[in-house]
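Worksheet: one structure, shown below.
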Amino acid sequence: METLLRRLAEAVLAGVPVTFTAHRDFRYRAALRMQIGDIAIPGAAGGILNPLAGLPDDVELASVHLCLEAWASARSGEAIGLAELPFPLVRSSE
């Protein structure tokens, strides 16, 4: 996962330093967090998921979440935040 994220960062954000640190999360057996330059928001986080019920023992799943505002900030050189959605993501049944 780290190798793929490094290659992506080099292609999209040439010259911007990235660092990786171990990340602890109950969903992952092993996880990494990627920081882009000095941007406080992580650039990505993810890893190898813990075993899931119903899957064969030899199947492993991985998940990576890219934080687009960090990538956009690094690309533009300016602090960029995502716009608020004009509607709620979860609608109440009330």
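The values are calculated or read from the model by the stated rules, or taken from the named source; none is laboratory data. The structure displayed is predicted, hence computed values, not measured ones. Cβ coordinates were reconstructed from backbone atoms using ideal geometry, including for glycine residues, and neighbour counts include every protein chain displayed.
Within the range 40-57, identify whether any single residue is surrounded by 10 or more Cβ atoms within 10 Å (Cβ to Cβ), without any contact (Cβ under 8 Å) to a residue 40 or more places away in the chain, among the hydrophobic types (A, V, I, L, M, F, W, C) and in contact with a His (Cβ under 8 Å, 6 or more places away or on another chain), and answer yes or no. Within the range 40-57, one or more residues are surrounded by 10 or more Cβ atoms within 10 Å (Cβ to Cβ), without any contact (Cβ under 8 Å) to a residue 40 or more places away in the chain, among the hydrophobic types (A, V, I, L, M, F, W, C) and in contact with a His (Cβ under 8 Å, 6 or more places away or on another chain). Test Val64 against the criterion of being β-branched (Val, Ile, Thr) and in a loop (DSSP other than H, G, I, E, B), and give yes or no. So Val64 fails the test. Being acidic (Asp, Glu) and within 19 Å of Glu60 (Cα to Cα) is true of Asp25. Determine whether Ala79 is surrounded by 10 or more Cβ atoms within 10 Å (Cβ to Cβ), under 15 Å from the mean Cα position of the chain (by Cα) and either at pLDDT 90 or above or not basic (Lys, Arg) (or both). When the stated conditions are applied, Ala79 does not pass them.
Out of the residues in the range 1-40 meeting the condition of being of a type in the set (Asp, Glu) and in a loop (DSSP other than H, G, I, E, B), tell me which one is farthest from the chain's Cα centre (by Cα). Checking each candidate, the answer is Asp38.
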